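Engineer: There's a structure below that I have some questions on.
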Amino acid sequence: MVKNDVWIREMASKGMIEPFNQEQVRKGVISSGVSSYGYDMRISDEFRILRPSAGMVIDPKQFDAVCLEDFRGEVCEIPANSYVICRSLEYFRIPRETLAICFGKSTYARSGVIVNVTPLEPEWEGYITISVSNTAPVPVRLYAHEGIGQVVFLGAGDLCQTSYADKKGKYQAQKGIVLSKVDDK
């Protein structure tokens with residue numbers, strides 16, 4: 001069952017999304033805030049831009065942050081055929097009876113931009129780390145503090161047996177842009 005805007009407003013009043021846009025903001029910006037069955041999250045002004053070098057290979061098991069350049073600003077240009085990593089402006093606390101998935105905004109999709117976010121598991125919390133790919137052969141601009149993706153909340157009939165918090169997930173309560181990690185257990 002998809003959670004509606006009334007449920008989202010109620011949960012937000014309990015700290016599920018901070019800061020929270022009660023209404024959908026649209027005029028002159030890429031929309032953000034409450035939508036019919038979800039929440040349009042914004043991106044912060046913190047970015048990590050890929051700066052490839054000859055012979056470089058990205059290994060998700062041993063990610064070398066040297067290939068990423070830190071950038072802070074209101075507008076971030078993604079180089080052609082490249083990507084950036086950023087984070088949501090909002091901090092999320094997902095209830096135990098809820099799973100959330102995110103889809104990129106159509107405004108960006110129509111510009112060749114793909115927004116990738118993994119599912120937000122029950123009882124996960126933190127700023128969402130977002131990978132934004134530019135499939136266009138020219139640079140594309142991202143606008144800080146504006147919408148980047150719609151988070152859709154799915155309700156469960158029963159509580160999950162093991163939540164993200166229960167299993168002490170490695171990305172729990174992340175505060176900034178968090179790169180890939182592999183457990184050494």
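Readers should treat all values here as calculations from the given coordinates under stated rules, not as data from a laboratory. Every value quoted in this text rests on a predicted model; they were computed, and no experiment measured them. All Cβ positions, even for glycine, are placed from backbone atoms using ideal geometry, and neighbour counts span all protein chains on display.
Engineer: Can you list the HN-Hα couplings for region 52-66, worked out from phi with the Karplus curve (6.51, -1.76, 1.60; θ = phi - 60°), rounded to whole Hz and with x for Gly and Pro?
Structural biologist: Per-residue couplings from phi come out as x, 10, 4, x, 5, 10, 8, 10, x, 7, 9, 5, 9, 5, 4 Hz.
Engineer: Could you tell me the extents of region 36-80's C-alpha atoms along the three principal axes, largest first, rounded to whole Å?
Structural biologist: Ordered largest first, region 36-80 gives principal extents of 46, 25, 18 Å.
Engineer: So, one more: Report the local net charge at Arg9: Lys and Arg +1, Asp and Glu -1, summed over other residues whose C-beta lies under 11 Å from its C-beta.
Structural biologist: Every neighbour counted, the sum reads -1.
Engineer: Looking at this model, which pairs from Lys61/Lys170; Lys61/Lys168; Lys14/Lys175; Lys3/Lys175; Lys27/Lys105; Lys61/Lys167 are more than 22 angstrom apart at the alpha-carbon?
Structural biologist: Where the Cα-Cα span goes over 22 Å, the pairs concerned are Lys3/Lys175.
Engineer: Just subtract the alpha-carbon distance of Thr162 and Val138 from 0.36 nm times their residue separation and send over the number in nm, one decimal.
Structural biologist: Taking Thr162 through Val138 to full extension adds about 4.2 nm, to one decimal.
Engineer: Can I ask one more? Using just the alpha carbons, could you tell me how many Å³ per residue the convex hull of the chain encloses?
Structural biologist: Hull volume over Cα atoms, normalised by residue count, gives 119 Å³.
Engineer: While we're on this one: Given the -39500 (n - 2.57) contribution per DSSP H run of 4+ residues, what per-residue ellipticity at 222 nm results for the chain, rounded to the nearest 500 deg cm²/dmol?
Structural biologist: -1500 deg cm²/dmol
Engineer: Where does each of 63-70, 16-23 land if you order them by average Cβ count within 10 Å, highest first?
Structural biologist: In descending order of packing, they fall as 16-23, 63-70.
Engineer: Moving on. Kindly rank 105-115, 82-92 from highest to lowest mean number of other beta carbons found within 10 Å of each residue.
Structural biologist: 82-92, 105-115
Engineer: In addition: Subtract the Cα-Cα distance of Gln62 and Ser13 from 0.36 nm times their separation in residues, and report this length gain in nm to one decimal.
Structural biologist: Stretched fully, the Gln62-Ser13 segment lengthens by 13.7 nm.
Engineer: While we're on this one: Modelled label-to-label distance, Arg110 and Arg72, 7 Å Cα→beta-carbon offset: nm?
Structural biologist: 3.4
Engineer: GNM, the chain, Cα, under 10 Å: largest mean-square fluctuation among Gly157, Gly149, Gly169?
Structural biologist: Ranking Gly157, Gly149, Gly169 by mean-square fluctuation puts Gly157 first.
Engineer: Label points 7 Å out from Cα along the Cβ direction at Val178 and Lys27: separation in nm?
Structural biologist: With each label placed 7 Å out from Cα toward Cβ, I get 3.8 nm.
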